[in-house]
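No value in this document is a laboratory result; all are computed from the given coordinates. Remember, predicted model here, so these are calculated numbers, not experimental data. Every residue, glycine among them, receives a Cβ derived from its backbone with ideal geometry; neighbour counts consider all protein chains shown.
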Amino acid sequence: MKLIFLGPPGAGKGTLAGLVAKELGIPQISTGDIFRDAIKRETELGMQVKAIVGRGDLVPDELTVSLVRERLARPDAVKGFILDGFPRTIPQAEALEGFQKLDAVVNFVISDDIVVLRLTGREVCRACGAIYHVRNMPSKVKGVCDRCGGQTYTRDDDKLASITNRLEVYKKQTEPLIDFYRERGLLRDVDSSTTPEDTLEGVRAVLGRKG
Ligand code: AMP
């Protein structure tokens, strides 16, 4: 299946994309993870995007699209994929349309209040990218990833000023994608305001799969 996971920051796209990708045996492709990895490894791409990502602004479309196009050409993505965090603008969605046919766009629906509560408390593993939350979904040992034993940390862009900016950027640049994909008959709304388990059930339901 060729899927897009759409929704504001903190909606649970990353967590759910990880679960669904495993279930379907397809790769989870997160542009945010690609950028964070490049920043960590201090590659040329990393240097280029570090300040932009830290502020919560969007990386230029052309750069992001060419990265995704290359990634989708790899053999593991031929049968299917979940794009998590891409597209984020209408020009990105139009470019994607030019080289990929999609099966569905899962739109995670959640209020701003819950998003802010979730993002102020999110922790991510430095090594494997697993996502935790200090209140809702803590790792068993504070600061240590359950999955790989790596160190967990708060992303720079999960600090309050960046969170507010990311929500504004989402509303202005990404939210119009809801109508874009609804017009194409691809949009599937899923309530993501409760637990990951319930949200996973919701995703299975809209994709016509049983748990
Ligand atoms: P995420 O992990 O999806 O929240 O992404 C983290 C950051 O990476 C975003 O705030 C942007 O700075 C950048 N980013 C991720 N995906 C995209 C995209 N599709 N277009 C532009 N910038 C992106």
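By its C-alpha gyration tensor, with a ≥ b ≥ c as the square roots of the eigenvalues, how is the range 155-211 shaped: rounded for a/c under 1.5, else prolate for a/b larger than b/c, else oblate? Oblate, since a/c reaches 1.5 and b/c is not below a/b. Cross-link pairs exceeding 28 Å in C-alpha to C-alpha distance, out of Lys40/Lys101; Lys22/Lys172; Lys101/Lys210, comprise Lys40/Lys101; Lys22/Lys172.
Helix content alone sets the calculated 222 nm mean residue ellipticity of the chain: runs of n ≥ 4 DSSP H residues at -39500 (n - 2.57) each, divided across all residues, give -12500 deg cm²/dmol. For the chain, the share of DSSP beta bridges that are antiparallel, to the nearest 5, is 35%. Indicate the gyration tensor shape class of the range 3-69 (rounded, prolate or oblate), computed on the Cα atoms with a ≥ b ≥ c the square roots of the eigenvalues: a/c under 1.5 is rounded; otherwise a/b larger than b/c is prolate and the rest oblate. Cα axes put the range 3-69 in the prolate bin. Computed packing ranks the peptides 82-88, 15-21, 66-72 as 82-88, 15-21, 66-72, most packed first, by mean other Cβ atoms within 10 Å. With the convex hull drawn over the C-alpha atoms of the chain, the volume per residue is 118 Å³. In loop segments of the range 17-68 as defined by DSSP, the trypsin sites (Lys or Arg not before Pro) with at most 15 further C-beta atoms inside 10 Å of their C-beta are Arg41.
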